[in-house]
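To start, the structure under review is shown below, and the notes come after it.
Each reported figure results from applying straightforward, stated rules to the coordinates on display, with no laboratory input. None of these values were measured; they are calculated from a predicted model. Every residue, glycine as well, gets a Cβ built from its backbone with ideal geometry; the counts of neighbours run over all protein chains shown.
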Amino acid sequence: MGKFDVLDLAKADFEKRLRLVTDDQRDLPTPCADFTVRDLVYHEIRGVRGATVAVRGGSTEDVIEAMTGGEIAPNWTEAFNGSYRTMRDMWGMPGVMDRTVHFPIGDIPATLLLQMRIGELAIHGWDLARAIGVDDTIDPVVAAAAWETYQPMVDQLVASGVFGTGPSGNVPDSAPLQTRLLDLTGRRP
């Protein structure tokens, strides 16, 4: 299975949960510190928009602007799907995967940005599921891809504070991959 297929799986899982959010759940807290459901959804939509700007060749400042601003339509599913289609179309253009893109963490290969989007959709999809009380299972293929991206970067993740405090040190290597992934990214289910 190719990386784009895995990205589409991660997107489908996130979208499935997004469709279940009711109006009275929009301000619920999530396992992602300081994010309500609304904040988390906005973060994910803006993250997709930021990735699109990066892949288009935008500057770091342009990417940050896309990731921190802009209106989000009241129909979150439509907003997410529209932004995702645009990003996905950009990644499908010839030569894009050979590019280095500007991103807030520095200049990175487009392939790493793709892998990070898979991880973001997986982890924040889990956060969303937990917040609204639905099935929080991460597709095993998506979990494996996210693990492959984040595990080698664990020291950077911890230093950045992006995923909380990082691994607890209490999860054995024999634990299910989803449990290890969540622990790696600062989640304590």
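Computed quantities for the displayed model
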{"quantity": "Charge tally in the Cβ shell below 14 Å around V134, where Lys, Arg are +1 and Asp, Glu are -1, V134 excluded", "calculated": "-1"}
{"quantity": "DSSP-assigned coil residues among trypsin sites (Lys or Arg not before Pro) in the stretch 3-88, each with at most 16 further Cβ atoms within 10 Å", "calculated": "R19, R26"}
{"quantity": "The chain: DSSP helices with Cα axial extent of at least 24 Å and average Kyte-Doolittle hydropathy no lower than 0.0", "calculated": "37-56, 110-132"}
{"quantity": "Net charge, G57 excluded, C-beta distance under 14 Å - Lys, Arg +1, Asp, Glu -1", "calculated": "-2"}
{"quantity": "Semi-axis lengths (Å, descending) of the ellipsoid that matches the C-alpha gyration tensor of the chain", "calculated": "24, 21, 16"}
{"quantity": "Neighbour-count order for V162, V21, fewest beta carbons within 10 angstrom listed first", "calculated": "V162, V21"}
{"quantity": "Inter-part distance where the stretch 17-47 and the stretch 131-189 are each reduced to a Cα centre, Å", "calculated": "19"}
{"quantity": "Sorted by Cβ density within 10 Å, fewest first, the residues I138, I132", "calculated": "I132, I138"}
